[in-house]
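Report on the structure given below.
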Amino acid sequence: MLPVDLPDAVRDALLAPLVDHHCHGVRRDDLSRAQFELLIGESRTPAPPGTTHFDTPLGAAIRRWCAPVLDLEPHVAPAVYLGRRQELGAGEVNRRLLQASGVVAFLVDTGLEAPDLLSAAEMGRHGGAAADEIVRLEQVEQDIADTAAVAVDYMDSLGEELVARAARAVGLKSIIAYRCGLDFDPSRPSRGSVIAAANRRLSDPRERLVDPILLRHLLWTAVDVARDRALPIQFHTGYGDADLDMSRADPAQMTGFIRALQPLGIPVVLLHCYPFHRQAAYLASVFPHVYVDVGLTLTHTAAGSARILDELLELVPFHKQLFSSDCYGLAEGCHLGAVYFRLGMAGALGRRVESGEWSAADAARVAHMAGSGNARRVYRL
Ligand SMILES: [Zn+2]
C-alpha cells in the first residue's frame, strides 16, 4: 500500500497501530443497498433518482480499498461489493474492516448511541482493540432537560451528571458548532441569565437546545469538570452534515474561548476542521493547549486527501496532530480513515526525507506522534 521507496523506519512507523481518538459506533445489522448508500457521505439523503452515492470520492474508495478486505478484487461494482457484504454478514464485515484498520484503541463518541450501533465496548471487541468513551455534552444536557422540574434542579443535576459521566470517560465533546455556531460569546454566563434561560428551556424540554446562554453554561460547566479531571474537550469544527451552518464552523471564530481556556491548561481538540484546516493548524501553532485532527475529511475526500494532509502539515506542530477515522455507521469509514492517513503521511514524509529536509528517523518519529503518541499523551491512555 505504501510507496516502495519509503525508508523502512518510516514505513514501520506508519504501519504501527493507531489510536483512533474520535469515532462513533458502526451498524450491527445487515444493510440494504438503500441503507448503505445513506451512510456514504454526510448528506443522509438518497442520491437523486438515477444516480448513486457510490459516485463520490468515498464511494469509489470503498470499492478500491474495502473490496480486498472482503476477498474481492479492487474496483468491483457496487452490487458485487454489497452482495459480498450480505454473504459475510455484518458481524464478520465489521470485524474484518475494523481489524484491517490497525487501530489499537478506539475513543468512541457515544452521543449518537442507538440500539443498531455497536457500543464503545463492542467496537473494541470487534476491532480487537481497547475502547474508551468520549462524553457528548449536548446529549447529557438533553437527558437532564428531559427530567429536571425547575431551573435550579436543572443546573445542579447537569453539574452532577457531567461529573458522573466524566468519571468513566477519557474526554468530553462539544457540538456547539451545530447548535449556535463557534462565534459564541466566550464569557461564562451569569447565574441569573442561566436560571431565566433554563426556565424557558424546561417549558419545552424536547426541543433541541439552541439557546446560546444554556450552551455556554453547559460548556463552562464542562470546563470545570475537565479541569478537575484533567480531561481534554473535543470540538466539532468544519465539515459536517447539512444541519451545520458551515460559515459558523470555522475554529478561528472561537479564538476568544480558546484564549479563555489557556490559563486552565485544558486541551482543546479541534475535530474535522476542513476546509478550515489551515486556520486550525495556525491555532495549534500559537496556543499551547490546542490540538488538531482532520478526521473524516480524509475518508470523504479520499483520492484528494493527501493534499489536505499536506496543507495541515504546512504549519501544525508535530506534537499537536492526531489521527481519527470518525467512522459512523459503516466500518468501511474506519478502514478508509486509516488507509488515507497512512497514504497521505507516507507521501508528505517521504518527500521531506527525499529532499533532505528531514532525516528518516525524524519522519518516523513524526509518524508515531501523529498516529498514536500524541493521543496517548493528551488522553492519558
Ligand atoms: Zn464525529
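The values are calculated or read from the model by the stated rules, or taken from the named source; none is laboratory data. The structure presented is a predicted model; accordingly, all values stated were derived computationally and were not measured. Positions of Cβ are backbone-derived with ideal geometry, glycine not excepted, and every protein chain shown enters the neighbour counts. Accessible surface is based on the protein model in full, side chains and every heavy atom, while ligands, DNA and RNA are left aside. Shrake-Rupley method; radii C 1.70, N 1.55, O 1.52, S 1.80 Å.
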Protection proxy ranking of 202-212, 325-335 - average other beta-carbon atoms within 10 Å, highest first: 325-335, 202-212
Accessible-area order (highest first, 1.4 angstrom probe) of the listed residues His217, His236: His217, His236
Helix axis angle, 90-100 relative to the chain longest principal axis, alpha carbon, degrees: 80
Å² per residue, accessible surface of the chain at 1.4 Å: 39
Dipole axis of the chain (+1 Lys, Arg; -1 Asp, Glu on Cβ), positive-most option in Leu315, Leu271, Leu202: Leu315
Heavy-atom accessible area ranking, 1.4 Å probe, most first, across Tyr154, Tyr291, Tyr239: Tyr239, Tyr291, Tyr154
Among Ala100, Phe36, Ala370 the positive-end extreme of the charge dipole of the chain (Cβ point charges): Ala370
Distance histogram in 10 Å bins (all Cα pairs of region 213-306, percent per bin): 16, 46, 31, 7, 0
Kirkwood Rh (inverse of mean 1/r, distinct Cα pairs), the chain, angstrom: 21.3
Orientation-averaged projected area, Cα convex hull of region 271-316 (nm²): 2.7
Hull-based mean projected area of region 222-381, where the convex hull spans the alpha carbons, in square nanometres: 9.8
HN-Hα J in Hz across region 144-158 - Karplus 6.51, -1.76, 1.60, θ = phi - 60°, x for Gly and Pro: 5, 4, 5, 10, 5, 9, 10, 4, 5, 4, 4, 5, 5, 5, 4
Rounded to the nearest 20 debye, dipole of the chain from Cβ charges on Lys, Arg, Asp, Glu: 560
Difference of contour (0.36 nm per residue) and Cα-Cα distance, Ala79 to Ala252: 58.0 nm
Nitroxide proxy distance, nm - points 7 Å out along Cα→Cβ at Asp116 and Ser190: 4.8
Ordering of 11-23, 118-130 by packing [mean C-beta count within 10 Å, highest first]: 11-23, 118-130
For Ala130, residues with placed amide H under 5 Å, excluding near neighbours: Ala105, Phe106
J(HN,Hα) series, region 333-350, from Karplus relation 6.51 cos²θ - 1.76 cosθ + 1.60, nearest Hz, glycine and proline x: x, 5, 4, 5, x, 5, 4, 6, 5, 5, 5, x, 5, 4, x, 5, 6, x
Kirkwood-based Rg to Rh ratio, region 169-276, C-alpha trace: 0.96
Net lengthening on full extension, Asp243/Leu88 (0.36 nm per residue, minus Cα-Cα): 52.4 nm
Point-to-point label distance, Asp143-Arg376, nm (Cα→Cβ direction, 7 Å offset): 3.1
Long-range amide H partners of Tyr291 with built H, under 5 Å: Val268, Val269, Leu270
Region 297-350 - Debye-derived log10 I(q)/I(0), Cα point model, q = 0.22, 0.24, 0.28, 0.31 Å⁻¹: -0.79, -0.92, -1.14, -1.28
Gaussian network model of the chain, springs between alpha carbon atoms under 10 Å - residue of Asp185, Asp109, Asp245 with greatest fluctuation: Asp185
For peptides 371-379, 86-94, sequence by mean Cβ density within 10 Å, most packed first: 371-379, 86-94
Translational diffusion coefficient (Stokes-Einstein; Kirkwood radius from C-alpha pairs) of region 12-106 at 10 °C, 1.306 mPa s, in µm²/s: 110
Rounded if a/c under 1.5, otherwise prolate or oblate - region 321-381, Cα gyration tensor axes: oblate
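Leaving ligands, DNA and RNA out of it, report the carbon-plus-sulfur percent of the accessible area of the chain at a 1.4 Å probe.
In the chain, the share of accessible area belonging to carbon and sulfur is 53 percent.
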